[in-house]
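One structure is given below, encoded as structure tokens.
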């Protein structure tokens with residue numbers, strides 16, 4: 001059985017993530033310790049809350065470097081919702097706050113002509129080359145999104161007042177703007193495919 | 001494209017699903033976990049669980065119910081009823097709610113919306129409004145299951161609540177709740193025009209046609225209880241009907 005480290009973010013609601021992982025046949029453990037984040041075969045960066053608060057928590061606990069290392073080495077890591085946004089360089093949500101910078105892009109707010117936050121199920125379509133991501137409806141709860149697919153990643157896209165990155169993958173790294181743990185059997189399938197990835201560093 | 005959501009609602013008291021008319025005369029409608037599983041299988045996009053038990057003991061039972069439902073459910077869960085403080089909200093989120101509905105306590109202290117939104121995000125801060133029609137095109141906020149008029153204008157209150165941090169509005173037409181006459185479409189239109197957060201229509205739906213009317217009046221999601229509880233229609237029936245009428249739904 002997979003043991004999956006869920007990074008304790010302090011503010012996020014983790015019950016749904018935990019329930020999703022368990023349905024996918026994994027067992028979770030929680031930590032905000034840099035050594036454990038570096039050592040875990042599978043790690044989840046959950047995300048509910050604001051960009052600045054999320055980065056502050058990662059910095060305070062010394063998690064920026066171990067996370068950057070996991071991403072550089074393509075080790076099995078799942079970033080959800082705000083987690084995806086934290087991979088970016090910056091966000092319109094909190095100007096001046098630096099993200100993890102794995103992706104040299106800025107996260108932007110949906111235009112005001114839309115109902116924001118985007119709450120609900122939207123169709124996601126993978127671009128060619130995706131191994132984990134498949135087409136299907138996913139559940140979103142977000143006010144900000146990444147528009148440009150970063151170089152070196154394959155992405156699936158959805159449309160809400162224009163196309164945006166619904167999720168992206170690179171090796172064993174999966175970053176979802178939607179919540180796979182709330183996306184029914186389709187989301188469960190995605191979690192299972194990610195969990196099946198072996199950690200090359202082990 | 002973002003689809004319209006169909007949301008079955010479970011009114012829960014002391015661990016059982018109940019349903020009444022205008023919040024009175026509750027009838028037993030089964031086990032929350034069994035209901036939740038059935039609705040997810042039928043294609044529900046989300047579930048709302050309202051704790052209508054009035055006692056501290058009932059509230060503790062509700063937390064257990066939320067945990068059990070969360071474990072059985074892989075779609076989003078909103079929980080409301082009796083949320084008085086940020087601590088109450090946190091307890092529900094930790095038990096497995098994805099969003100928290102705040103009603104009376106927000107009327108008493110609108111800052112509560114701000115506190116909860118700042119700590120947990122707007123997307124999980126849901127304002128629940130019970131609206132009572134007082135004149136043509138005018139509605140007042142009522143609280144405590146309709147027992148108290150607040151004097152607040154519904155449209156103005158929704159705008160203020162969104163400024164404070166509400167990320168979605170669960171709008172119940174109190175006059176229609178449980179009556180099976182359909183949503184108050186004028187109310188929905190007024191709400192959809194007034195704010196730009198998503199609106200969940202609630203109160204009075206009795207047929208797929210009512211749900212279609214709600215969507216056409218501007219609701220982003222439609223909530224119903226009775227029509228699903230007593231097996232008249234499945235969520236799938238309703239979605240098929242909406243699809244046939246040109247509404248984007250997740251099938």
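What follows draws every value from the coordinates through simple rules; no lab data is involved. Only a predicted model underlies this, so the values are computations on that prediction, with no experimental measurement involved. A quick note on method: Cβ atoms are made from the backbone with ideal geometry, for glycine too, and the neighbour counts reach across all protein chains shown.
Just check chain B against the gyration tensor rule for me: Cα atoms, a ≥ b ≥ c as the square roots of the eigenvalues, rounded for a/c under 1.5, and otherwise prolate or oblate depending on whether a/b exceeds b/c. Judged from the Cα gyration tensor, chain B comes out rounded (a/c under 1.5). Look at the stretch A:155-164: the mean tally of other chain Cβ atoms within 10 Å of its residues' Cβ atoms is 1. For chain B, relative contact order (Cα pairs under 8 Å, six or more residues apart, normalised by length) works out to 19 percent.
Label-to-label distance, residue A:127 versus residue A:27, with points set 7 angstrom from Cα along the beta-carbon direction: 4.0 nm.
Note on residue A:39 and residue A:170: their simple-model spin labels are 2.7 nm apart, each label 7 Å out from Cα toward Cβ.
Could you tell me which of rounded, prolate or oblate describes segment A:143-202, using a ≥ b ≥ c as the square roots of the eigenvalues of the alpha-carbon gyration tensor, with rounded for a/c under 1.5 and, failing that, prolate when a/b is larger than b/c and oblate otherwise? Taking the square roots of the gyration eigenvalues as a ≥ b ≥ c, segment A:143-202 is oblate. When you count the other C-beta atoms within 10 angstrom of each residue and take the mean per peptide, A:90-102, B:208-220, A:49-61 line up highest first as B:208-220, A:49-61, A:90-102. The relative contact order of segment A:35-99 comes to 43 percent, based on Cα pairs under 8 Å that sit 6 or more residues apart.
With the convex hull drawn around the C-alpha atoms of segment A:1-150, the volume per residue stands at 124 Å³. Estimated purely from DSSP H runs of n ≥ 4, each contributing -39500 (n - 2.57), the mean residue ellipticity at 222 nm for chain B is -11000 deg cm²/dmol once divided by its residues. For the residues of B:119-127, the average number of beta carbons from a partner chain within 10 Å of their own beta carbon is 6. For the segment B:212-221, counting C-beta atoms of other chains within 10 Å of every residue's C-beta and taking the mean gives 1. Suppose R0 equals 45 Å; then what is the FRET efficiency for residue B:136 and residue A:89 from their Cβ-Cβ distance, rounded to the nearest 0.05? About 0.30, to the nearest 0.05. Ranked by the mean number of other Cβ atoms within 10 Å of their residues, highest first, the peptides B:237-244, B:76-83 come out as B:76-83, B:237-244.
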